[in-house]
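Before I ask anything, here is the structure I am working with.
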Amino acid sequence: MRVTSDLFVSALVRRVFGDGGFAAVLRRGAAEAGAVFIVIRNRFGEAALYGPAAQSAYGEGKPADRQFTLVGEKLDDEALDARLAKEQRFDSDIWVVEIEPGATPLGQLVELTTP
């Protein structure tokens, strides 16, 4: 059974803080099933945006956990806002979480796939 978006985001934020990082929920979506997007900034202020992986990444079985894929990299604030606005037009219930991972890299916080 898949956990709700609200619970997933809460657990992600708690884990990031527990590992010495920082996380902030920039936008709250639907508590039950809103799509989750993750923003990570590098030291130059450029953002990488991770979003839900395509259904084909899950294989034949029913997904047990959420998978993410890189949907934009080296985005400035304007490009990031434009991409998130586009996603929001498609689905108004999205969640946006910005994190600065601490001791644990993103790939160990969430499951990453390649498109």
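Please state which of the following conditions residue 73 fails to meet, knowing it meets all the rest: (1) free of Cβ contacts under 8 Å to residues at least 40 places away in the same chain; (2) assigned to a loop (DSSP other than H, G, I, E, B); (3) of a type in the set (Asp, Glu).
(2)
Hey, could you check the stretch 75-115 for residues that are of a type in the set (Val, Ile, Thr) and open to solvent by less than 40 Å² (accessible area, probe 1.4 Å) and say which is nearest to residue 19 (Cα to Cα)?
We begin by selecting, within the stretch 75-115, every residue of a type in the set (Val, Ile, Thr); these are 94, 96-97, 99, 104, 110, 113-114.
Next cut, open to solvent by less than 40 Å² (accessible area, probe 1.4 Å) only: 94, 96-97, 99, 104, 110, 113.
Working: 94: 25, 96: 20, 97: 16, 99: 12, 104: 6, 110: 14, 113: 23 Å.
The qualifying residue nearest to residue 19 (Cα to Cα) is 104.
Moving to a separate point now. Could you identify the single residue in 34, 51 that is in a loop (DSSP other than H, G, I, E, B) and either open to solvent by 60 Å² or more (accessible area, probe 1.4 Å) or of a type outside the set (Val, Ile, Thr) (or both)?
Selected residue: 34, the only one of 34, 51 that is in a loop (DSSP other than H, G, I, E, B) and either open to solvent by 60 Å² or more (accessible area, probe 1.4 Å) or of a type outside the set (Val, Ile, Thr) (or both).
State whether the residues of the stretch 58-70 include one that is at negative phi, polar (S, T, N, Q) and in contact with a helix residue (DSSP H, G or I) (Cβ under 8 Å, 6 or more places away or on another chain).
Yes, the stretch 58-70 has at least one match.
Next question. Being touching a residue at least 12 places away in the same chain (Cβ under 8 Å) and of a type in the set (A, V, I, L, M) is the requirement here; does residue 30 meet it?
Answer is yes for this residue.
Tell me the residue from 13, 39, 25 that is among the hydrophobic types (A, V, I, L, M, F, W, C), surrounded by 18 or more Cβ atoms within 10 Å (Cβ to Cβ) and modelled with pLDDT of 95 or more, please.
Values: 13 fails: surrounded by 18 or more Cβ atoms within 10 Å (Cβ to Cβ); 25 fails: surrounded by 18 or more Cβ atoms within 10 Å (Cβ to Cβ).
None of the others qualify; the one that does is 39.
The values are calculated or read from the model by the stated rules, or taken from the named source; none is laboratory data. These numbers were taken from a predicted model, which means no experiment stands behind them. All Cβ positions, even for glycine, are placed from backbone atoms using ideal geometry, and neighbour counts span all protein chains on display. Please note that ligands, DNA and RNA were not included when accessible areas were found on the heavy atoms of the full protein model with its side chains. Shrake-Rupley method; radii C 1.70, N 1.55, O 1.52, S 1.80 Å.
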